[in-house]
1. Test residue 406 against the criterion of being surrounded by 19 or more Cβ atoms within 10 Å (Cβ to Cβ), aliphatic (A, V, I, L, M) and free of Cβ contacts under 8 Å to residues at least 60 places away in the same chain, and give yes or no.
2. Being within 30 Å of residue 335 (Cα to Cα), of a type outside the set (S, T, N, Q) and either assigned by TED's automatic domain parsing to the domain that holds residue 419 or not in a loop (DSSP other than H, G, I, E, B) (or both) narrows it down to one residue among 507, 503, 469; which is it?
3. So residue 22 clears everything in (1) of a type outside the set (A, V, I, L, M); (2) in contact with a helix residue (DSSP H, G or I) (Cβ under 8 Å, 6 or more places away or on another chain); (3) part of a loop (DSSP other than H, G, I, E, B) except one condition, right? Which one?
4. Take the conditions basic (Lys, Arg), surrounded by fewer than 19 Cβ atoms within 10 Å (Cβ to Cβ) and not in a helix (DSSP H, G or I) and apply them to residue 379. Does it pass?
5. Taking the options 79, 38, 27, name whichever one is part of a helix (DSSP H, G or I) and not aromatic (Phe, Trp, Tyr).
6. If a residue must be hydrophobic (A, V, I, L, M, F, W, C), within 16 Å of residue 287 (Cα to Cα) and in a loop (DSSP other than H, G, I, E, B), how many such residues does the range 245-261 contain?
7. Please pick out the residue among 72, 4, 51, 94 that is crowded, with 17+ Cβ neighbours inside 10 Å, at pLDDT 80 or above and within 43 Å of the chain's Cα centre (by Cα).
8. Among the residues that make up the range 203-226, is at least one of them assigned to a helix (DSSP H, G or I), in contact (Cβ under 8 Å) with a residue 24 or more places away in the chain and buried (at least 20 other Cβ atoms within 10 Å of the Cβ)?
Amino acid sequence: VTKLLVKPNEINREILKETLEDDYDVIEAVNGEEGLNILSQYYKDISLILLDVVMPVCDGFEFLSRQKSDSLLASVPVIVTTGNNSQEDELKCLGLGAVDFITKPYNARIVKSRIDSVIKLRESSMTLAAIEKDELTGLYTRQAFYHHARTFTHFMTEEKFNVVILDVADFKLINGTYGTKKGNEVLVYLSNAFRYYVKNGLLTRYEGDQLLGLFHSNEKLDIDRINKNINKIAEEAPIPNIRIKVGVYENVDTTLSMPIICDRALMAEKSISKDFKTNVAFYTDELNQKQLAQRQMENDFKSAIANKEFKVYYQPKYDVQTEHIVGAEALVRWQKPDGTLISPGAFIPLFESDGLVVHLDEYVFENVCQFQKERMENKLPMVPISVNLSRASIHFNDVVEHYVDIVNQKQIPFECVPIELTESATLYSEKILEITDQLVKAGFKLHMDDFGSGYSSLTSLNELNFSTVKLDKSLIDYIDQVRGKKIVQQAIDLGHGLDMKVVAEGVESKEQKDCLKEMHCDMIQGFYYSKPLKQEDFMVIRN
């Protein structure tokens, strides 16, 4: 068992060395900086550090702070030895990660007893192998990788480094379809393949099914070659049709912290995670600016809600036969204090991914209910104004009770605020059936939004109690083609056959409108009649 003595005073080092060297191997350091260098090289062999507080170059507090920032180095316990009986110093050292505190003069029996206790506790709680290597793949754990990568880049200052992260799309689906054992087999295979292709570097199982490598190379990375390697790995995988996504941070800035360096490669991979056509992406400054903008939007969200920066717009729905307004859909825009208008395409996907959309959905719903209340109180003509409910909101606890309370507080009919659910959010399940039944029993009308844009689940149409189905713009765009027209006609007939009203979204031309009229579509929504309108503009339009 090896001990590291980090003490500037030679006499004190000699006293402790004589006390310990019969039972332990002892390494000496004259200051904190030297001690950290020794620890960084020999942390696997060092079982305990005896550390003085007052030292030149790097004192005990700085030593503990820097050791604590590295998970591998922090795994080696520290006992602080000092002639100062200050409780403040003792608390500070313990707060920085020291496990014990011994004051001078040294009692040999007490020193040995405390050392033995600390070592036994460490050995019983963890092993270094568990900290350093991932049990399944044999690659470094993330924290071990950070440690070795810092050393790697520090000593090879003339080299250009690259980071590559490999991720398997829909890995949960693999586990669900083939079982966890086969999923683990895939991960082991990918780890071995990663070892083969990533030379001159360090590899880690970064998280779950994400594998990451840091390597040095003066050659510019070739995207075609990377794609070729990805295809080969996928073809030889233990299961068919796996999709591999790769993010690359080329020529990394080694002055950045290792987590930030890795995040840049991850950022590149995430930018194509839902793109079926692209499998490789490189980190760019534009990606970084986009992420910074997204973080800023998340940071601004709470104040934007409080300051009513989110504005509700209303897009009218027209009866195809009479061309009168028979409803509207509530849509949201973000108007910054400087007047800048942010489109929903910029913030809705972000807020859907981080859960903030739940609060935004409720904000829009409450605003629409208040608008309907004011129209009713002022005896103005009222039409149903549908409100979108996101997938995250559907699964939010007590969402039905919460929305029912809002309607009751505003004292408006439930029928005047229909709920729109996207077809992807309503893929049939017992949970969705339960929630939609609760909404209908409460009095809400349900509209299936975006029908035809993706899954088009007929089971959902059959099992869930929708009163209206909305045909997505992607169907209407092809209505001038023979096959496209037949599909739209069949979709309208299907909706009518299930006793539902049919709304066509994204109608932009008279030709589309006339065609839908011939098909007996019930309602039209789109730029042909009106773009989304501010509340004050919507209030003054006439049928």
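1. no
2. One residue alone meets the criteria, 503.
3. Of everything listed in (1) of a type outside the set (A, V, I, L, M); (2) in contact with a helix residue (DSSP H, G or I) (Cβ under 8 Å, 6 or more places away or on another chain); (3) part of a loop (DSSP other than H, G, I, E, B), residue 22 misses just condition (2).
4. yes
5. 38
6. 1
7. None of the other options fit; the residue is 51.
8. Checked the range 203-226: no residue is assigned to a helix (DSSP H, G or I), in contact (Cβ under 8 Å) with a residue 24 or more places away in the chain and buried (at least 20 other Cβ atoms within 10 Å of the Cβ).
The values are calculated or read from the model by the stated rules, or taken from the named source; none is laboratory data. Small disclaimer: the values here were computed from a predicted structure and weren't measured. Positions of Cβ are backbone-derived with ideal geometry, glycine not excepted, and every protein chain shown enters the neighbour counts.
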